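Written out below as structure tokens is the structure these notes cover.
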Amino acid sequence: MKTSAIAITGFLLFGSQLSAQTVTDAQIASIVVTANQVDIDAATIALGRASSPAVKQFAQLMVTDHTGVNKAAVELATKLKVTPQDNPTSQALKTGGDKHAAQLKSLSGAAFDRAYIAHEVAYHQQVLDAVDKVLLPGVTNAELKALLVKVRPAFVAHLEHARTLQKSTTSGH
Amino acid sequence: MRIRGLRAAGASCGLGLLVSCAQPGATDRPPPQTHTVVMEGLRFRPDTVTVNAGDSLVWVNRDLVPHSATSAVARFDSRAIGADRSWRVSLSRPGDFEYVCSFHPTMKARVRVR
């Protein structure tokens, strides 16, 4: 319940900050990098505290995949001479990530697995909504748009993977 | 290439000898070919590929995240293929094999070896 409340609060906060009409490419770059880093940070905690091997494996995948996406995003921003610009949305992502990390650090065992995976489901859905409703409609640079299009299927796959794990973590290992 | 080769054999041997001339043999067997499967958008494209025994398959990763081509039944495992990297295997055992990306359970495909 606590996890769901935080996830929903995070979703509302994230969603309320975004507008396809006002977001710039520099802000989009910052949002992409921050969104990936927040998930890497949560996964890093999960690697140390998760009890289920399947959850640990998922966490390792999140570290690997989101690190790969961030590497590509930073390389592209450097190439385009776009400096990622901090903005209310990236700040909200960071704040939400910090709160979630603090909550995760207070949990262990099966309770940790459930909280981590529940948040991963909510978070990936939230990021996908942002990609579809704000980032893709708002981006102007073609290469940055191509990057968003290219990474979207990974977020979809992560969401499906997390949902599958959620079924097993809620029904017991 | 193969059809053109058989027609040429039939023409040179005459109709009465066509069957024996066209029987599979070392000289008639097509040379091993290389088939490519692209990993892109968290999918294998094509998701079904048919090859002859002895052909090679190359998986090319066009995604930003690592993938693998893994089949316990066909006994191959590329392990992690990084972004813009590829991996090749030669398949000699006939059969119909499913394979997956061991990292992304939603990625599934099939290779048929004739």
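The values are calculated or read from the model by the stated rules, or taken from the named source; none is laboratory data. Please read all numbers here as calculations on a predicted model, not as lab measurements. Neighbour counts run over all protein chains shown; Cβ positions are idealised from the backbone, glycine included. SASA here: full protein model, heavy atoms, side chains in, ligands and nucleic acids out. Shrake-Rupley method; radii C 1.70, N 1.55, O 1.52, S 1.80 Å.
Figures for the structure shown
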item	result
Candidates B:ARG79, B:ARG88 - the one that is charged (D, E, K, R), outside any strand (DSSP E or B), under 15 Å from B:MET39 (Cα atoms) and assigned by TED's automatic domain parsing to the domain that holds B:LEU42	B:ARG79
Residue in the range A:76-90 that is within 12 Å of the chain's Cα centre (by Cα), under 19 Å from A:VAL151 (Cα atoms) and not hydrophobic (A, V, I, L, M, F, W, C) present	yes
Residues located in the range B:59-94, provided they are touching a Gly at 6+ places or on another chain (Cβ under 8 Å), within 12 Å of another protein chain (Cβ to nearest Cβ) and open to solvent by 50 Å² or more (accessible area, probe 1.4 Å)	none
Residue in the range B:19-37 that is modelled with pLDDT under 90, over 13 Å from B:CYS101 (Cβ atoms), touching a helix residue (DSSP H, G or I) at 6+ places or on another chain (Cβ under 6 Å) and surrounded by 15 or more Cβ atoms within 10 Å (Cβ to Cβ) present	yes
Residues of the range A:148-172 classified as of a type outside the set (Ser, Thr, Tyr) and open to solvent by less than 20 Å² (accessible area, probe 1.4 Å), total	9
Qualifying residue in the range A:38-60 (condition: modelled with pLDDT of 95 or more, under 11 Å from the mean Cα position of the chain (by Cα) and open to solvent by 60 Å² or more (accessible area, probe 1.4 Å))	yes
Matching residues, the range A:61-76, being open to solvent by less than 70 Å² (accessible area, probe 1.4 Å) and more than 10 Å from chain B (Cβ to nearest Cβ)	A:MET62, A:VAL63, A:LEU76
